[in-house]
1. How big is the charge dipole of the protein assembly as shown about its Cα centre, in debye rounded to the nearest 20, if each Lys and Arg gets +1 on its Cβ and each Asp and Glu gets -1 on its Cβ?
2. Need one number: nm distance between label points at A:Phe480 and A:Gln531, each 7 Å from Cα along Cα→Cβ, rounded to one decimal.
3. Using a Förster distance of 51 angstrom, determine the FRET efficiency expected from the C-beta separation of B:Glu70 and A:Ser501, and round it to 0.05.
4. Determine, for A:Asp162, B:Asp79, the number of other Cβ atoms within 10 Å of each Cβ, and report the residues in order from fewest to most.
5. Can you put A:Ile214, A:Ile252 in order of Cβ neighbours within 10 angstrom, beginning with the fewest?
6. On full extension of the chain, what length is gained from A:Leu299 through A:Val363, given 0.36 nm per residue of separation minus the C-alpha to C-alpha distance?
7. Under 17 Å Cα-Cα from A:Lys198, which lysines qualify once same-chain neighbours fewer than 8 residues away are excluded?
8. If the only charges are +1 at each Lys and Arg Cβ and -1 at each Asp and Glu Cβ, what is the size of the charge dipole of the range B:26-107 around the Cα centre, to the nearest 20 debye?
Amino acid sequence: MQATSHAGYAGNHDHDSHGHPTGWKRWVTTTNHKDIGTMYLWFSFAMFLVGGAMSLILRAELFAPGLQYVSPEFYNQMLTLHALIMVFGAIMPAFVGFANWMIPMMIGASDMAFARMNNWSFWLLPPAAILLSASIFVPGGAPGTGWTLYPPLSIQMGMGMDMAIFAVHILGMSSIMGSINIVTTILNLRTPGMTLMKMPLFCWTWLVTAFLLIASMPILAGAVTMLLTDRHFGTSFFSAAGGGDPVLFQHIFWFFGHPEVYIIALPAFGVVSHVIPAFSRKPLFGYASMVYAIAAIGLISFFVWAHHMYVTGIPLTGQLYFMYATMLIAVPTGVKVFNWVTTMWRGSLSFETPMLFALGFLVLFTIGGLTGLVLAMTAVDIQLQDTYYVVAHFHYVMVAGALFSAYAGLYFWLPKWTGHMYNEGLGKLHFWLSMIFFNIAFFPQHFLGLAGMPRRIPDYAQQFADFNVISSIGAFGFGFSQLLVLVVVIQAVKGGAKAPSRPWDGAHGLEWTVPSPAPYHTFEDPPVFNQAEAHG
Amino acid sequence: MSHPASTSRYFVPEPSPWPLVGSIALLLLASGAVLMMNSIANGGFVLIGGFAVLAIMLFGWFGRVIGESEGQRYNLQVDRSFRLAMAWFIFSEVMFFVAFFGALFYIRVVAIPDLASPEQAALWEGFRNVWPSAGPAAKDPFTQMHAWGIPAINTLLLLSSGVTVTWAHWGLVANKRQQLIIGLMLTILLGALFLTLQVYEYREAYSHLNLKMTTGVYGSTFFMLTGFHGFHVTLGVTMLTVILVRAMKGHFTAERHFAFEGVAWYWHFVDVVWLGLFVVIYWL
């Protein structure tokens, strides 16, 4: 195969799909953004099931007070891996998968700027996943520190922690390469006439997201590198005896960790900003303000990190600054929510599955955002730190925010990807089961947190039993409902009603001007970009 | 933005095995490192295997890119993509150093004064807020690394190498191949000299100054920052050597020589980081 590809390139400028490897070699060696996007999406779904199974172990244990099924150590390992896998293995790759599939099609490019590096960004994920999941089976087990990997606990862990550290390094490389690719693609490969302020919002959110990733992932790499040398080479970054400080790790971690929240949220905003106008049959309200809001959220996200650290003894002035700065983020986020709602105002609404998920996102993400404002208040947060209120808050943002938006995008673009319409009935069933069970699982956790139930503990006091039963029932319901999406996707891949090039009459953008399924190389030449397909 | 006619068709490379080879290399490297750090047998072999696979991948991948470049397959749009990507890559490297500079800043401004504050007196009696510090539990005395010896010479070396690489660039754009090659050789020489002096400095630190990685936060930050910088200088010298070989083979034209410029940018970045190190690690 090496020989054939070498033979093919001497002076040959064509890169059509003839002579490409087939079978497994196609996927391993591919330089096609659609192939790579597909691999990202399948990988993220597989990780989603693995991480989800781990969360069901947690909820099974929490079904009743006392210790039933697992040891406290194993419980901690499961909750750590659940978080790491969901954040780095499921949600982030899912949106990178969307970016791969959609950005070249939206801006009228033939592929990503660096097609080979694009494939490496994906193929770095399996080694990291192997390291993370294999850590369960080594002496000492997987890291049990929570995804934040705080020292001194993370310094005392067994070799599973080293595996997690290297997994984070590899994931970071993958994210940085993927982001450089996306930034370059967006800045350099747009079709003539598509100015930045006419670019689809999904591309805008990814431009800012990629910036956040390039700026913050190296910070995380530095933090875990210091953990590694503290563990094995006798440095004292996080040890007070040597003049270091465990709180230093928290500062560095959250300097990465807070932008990370928006790395997950911004592409979700982008997807929703496409779905809501399409099913409202109206242009997005306030395009320019949306762009500025995205940029503002991205920027401010670097200056709010210590709101995760109110109880670490930071000075009062620090607490006040971080409280106000955090609340400031609610302004651009509020602009976005306002614009989505206003887009629907007097629109000609219809409620297909993508729209349902987008609306589910809108309602539940707003709840998650508002509980975030509650937690931003220092005085309140000191009470709620490390309680189930925090767990409820970020699951409203991560699951009902990011995941629902990813589903909205999946159902929205599935006809474009497969060439077939999906089963609308099953899609709607998937939405309603998800919506109902999600709230059964996570809404009671607000009450548990307010009543003082601490998180990351496998046992709890008797008075928390009822809400935990409800929450566990919801979690299992939610978990098994997600298998429906597998059925829907496989059905759509295998067959179904033929999808027209623009299956949603209200949808705009270059991706809807090409046939469904989109050809292997969408645009061999830059397409003509006119006002009808413009977003701005 | 309108593209000139020559860029109307995109460049997409053929399928390539190198990404997968690179991933296997990293998996081996990570596994080998984990095994070695936990003193499990044969970790070193896995690590060496990882390096070998990585080297094969780098030769294969970059060889292919150089072949495509010399085969005139890259249009101006690809050239712009490379420039953007290199700039963003250097930005990510800057942020990597920000983590360590930030740690040093925090330790000097917050952690050490806090450990020496009256509130901590019961815990760490008699600990004083001075820098350099190896922390309140340190027992071995150590000597600080002074700025105006080797580090000052190293600063001069790196700043001069910034001049020589620019001189080489002038030679390239003026079609003076000789100047390009001599300039690159001088730059590599200065870089190698810098590394040699740094190795000497480390040996001094360990043998005479009793300054080690284990010397509290001073040793931690000193070796982490200078060590990662030295690693980047090593990478830079390696890349410059590749560019030198390519220059001697007659690659690059006065108009199209992104690889040279990318490496020169990287070299200047390494230079600037050193200036930061010189000020906050050695001098202040």
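1. Numbers: 34 positive and 35 negative charges, 251 e Å.
Approximately 1200 debye in magnitude.
2. 5.5
3. Details: r = 41 Å, r/R0 = 0.80.
Once rounded, the FRET efficiency stands at 0.80.
4. Working: A:Asp162 26, B:Asp79 18.
Result, fewest neighbours first: B:Asp79, A:Asp162.
5. On the way: A:Ile214 23, A:Ile252 26.
Going from sparsest to densest Cβ surroundings: A:Ile214, A:Ile252.
6. Working: separation 64, 0.36 × 64 = 23.04 nm, distance 2.49 nm.
Full extension from A:Leu299 to A:Val363 adds 20.5 nm.
7. A:Lys282
8. Numbers: 4 positive and 4 negative charges, 18 e Å.
The dipole magnitude comes to about 80 debye.
Only the coordinates and a few stated rules stand behind these numbers; no lab work does. This is a predicted model, so every value here is computed, not measured. Here Cβ is always computed from backbone atoms with ideal geometry, including for glycine, and neighbour counts include all displayed protein chains.
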